[in-house]
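Colleague: Before I ask anything, here is the structure I am working with.
The values are calculated or read from the model by the stated rules, or taken from the named source; none is laboratory data. Keep in mind it's a predicted model, so treat the numbers as computed, not measured. Positions of Cβ are generated from backbone atoms using ideal geometry, with glycine treated the same way; all protein chains shown enter the neighbour counts. We work out accessible area using only protein heavy atoms, side chains counted, and drop any ligands, DNA or RNA first. Shrake-Rupley method; radii C 1.70, N 1.55, O 1.52, S 1.80 Å.
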Amino acid sequence: MAGVFLCRFVVQAHQLVMLLPNYSGFTLEAGIDEAGRGCLAGPVVAAAVILPANYKHLLLNDSKQLSKKQRDLIKEDIKRDAVAWAIGEATPIEIDEINILQATFLAMHRAIAGLNKQVEYLIIDGNRFKPYSGIPHACIVKGDGKYLSIAAASVLAKTHRDEVMEKLATEFIPYGWEKNAGYPTKIHRQAIAAHGPTEHHRKSFALLPR
């Protein structure tokens, strides 16, 4: 009997922290998130996801709270279950030309444009967004830990970007992108100092400490 009580308590506790399915009340509400803003190399990537009404997923959460194995499994659930999903990128050249914030907005806009549904409302992780095509939106700080669609977008953006950097790592071996995904780790910066920046580095960033 005690075991049954404990099981019920664990389930109830988990339900208390489950993410919310909707913010606006609109059926075709898309969650938006990005990955890679703080990297020294590679694109900034955004994802847009529309989930079914009242969608539930026991493991889905902010991608930073998940292991790589969990993210890789959950991304397949998202792609299968989503009403619509899409990925957008902005290149290192675009980042250098228009700055990382504007490039992030560009990647987000490209993800939204890639959806095969007419979006009714957008919810964006963070506190800033450039309005898109007259679609109403809300910025939600730490939204990837509050709403399922934003969490789903964070998982798709993160896994897609990691795959991009893993592929590039096979060509640019010293930089360790298969492990650091382009973030400013010690090994990454040592490789920049020894071999110089590549075509995939963001030249407008401080690649080495001054």
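Colleague: Using a 1.4 angstrom probe and counting only protein chains, how large is the accessible area of V83 in Å², to 10?
Modeller: Rounded to the nearest 10, that gives 60 Å².
Colleague: What does the charge count around F105 come to, taking other residues whose C-beta lies under 9 Å from its C-beta (Lys +1, Arg +1, Asp -1, Glu -1)?
Modeller: Charge balance near F105 sits at +2.
Colleague: Hey, another quick one. If you wrap a convex hull around the C-alpha atoms of the range 138-210 and split its volume per residue, what is the figure in Å³?
Modeller: 126
Colleague: Something else about it: Rank these by accessible area, largest first, 1.4 Å probe: E171, E29.
Modeller: Largest accessible area first, the list is E171, E29.
Colleague: Between 0 and 90 degrees, rounded to the nearest ten: what's the tilt of helix 2-16 against the longest Cα principal axis of the chain?
Modeller: The angle comes out at about 60 degrees.
Colleague: Could you tell me which label, among [x] 23.1, 73; [y] 20.1, 68; [z] 18.6, 65, carries the value of Rg and Dmax of the Cα atoms in Å calculated for this structure?
Modeller: Given [x] 23.1, 73; [y] 20.1, 68; [z] 18.6, 65, the structure-derived one carries the label [z].
Colleague: Could you please report the charge total around I78, scoring K, R as +1 and D, E as -1 over all other residues with beta-carbon less than 14 angstrom from its beta-carbon?
Modeller: That works out to -1.
Colleague: Same structure again: Give me the accessible area per residue for the chain, probe 1.4 Å, as a whole number in Å².
Modeller: That works out to 53 Å² for each residue.
Colleague: Taking the Cβ-Cβ separation of R189 and K64 as r and a Förster radius of 30 Å, what is the calculated FRET efficiency to the nearest 0.05?
Modeller: Taking R0 as 30 Å, the efficiency between R189 and K64 is 0.85.
Colleague: Taking every DSSP beta bridge with both residues inside the chain, roughly what % is antiparallel (nearest 5)?
Modeller: Around 60 percent of the beta bridges assigned by DSSP in the chain are antiparallel ones.
Colleague: For the chain, find the longest principal axis of its Cα atoms and tell me its angle to the long axis of helix 148-169, 0 to 90°, nearest 10.
Modeller: Roughly 30 degrees between the two axes.
Colleague: Could you give the angle, 0 to 90 degrees to the nearest 10, between helix 68-81's Cα long axis and the longest principal axis of the Cα atoms of the chain?
Modeller: Tilt of helix 68-81: around 60 degrees.
Colleague: Taking a spot 7 Å from the Cα of K117 along the direction of its beta carbon, which residues of the range 30-53 have an amide N less than 20 Å from it?
Modeller: What the label zone holds, given the 20 Å backbone N cut-off, is 30-34, 46-53.
Colleague: HN-Hα J couplings of the range 52-57 from phi, Karplus 6.51/-1.76/1.60, θ = phi - 60°, integer Hz, Gly and Pro as x?
Modeller: Result, ordered by residue: x, 4, 6, 5, 10, 8 Hz.
Colleague: Divide by every residue of the chain the summed helix terms, -39500 (n - 2.57) for each DSSP H run of at least 4, and state the resulting mean residue ellipticity at 222 nm, rounded to the nearest 500 deg cm²/dmol.
Modeller: My calculation for the chain gives -13000 deg cm²/dmol from helical runs alone.
Colleague: Short version: ³J(HN,Hα) in whole Hz for each residue of the range 174-191, in order, from phi by Karplus 6.51 cos²θ - 1.76 cosθ + 1.60 (θ = phi - 60°), x for Gly and Pro, what are they?
Modeller: Result, rounded to whole Hz: x, 7, x, 5, 5, 10, 9, 6, x, 6, x, 7, 4, 4, 4, 6, 4, 5.
Colleague: Express the carbon and sulfur contribution to the solvent-accessible surface of the range 79-154 as a percent, rounded to the nearest whole number, probe 1.4 angstrom.
Modeller: Of all accessible area on the range 79-154, carbon and sulfur atoms account for 49 percent.
Colleague: If the chain between K203 and I173 were fully stretched, how many nm would it gain, using 0.36 nm times the residue separation less the Cα-Cα distance?
Modeller: Stretched fully, the K203-I173 segment lengthens by 8.9 nm.
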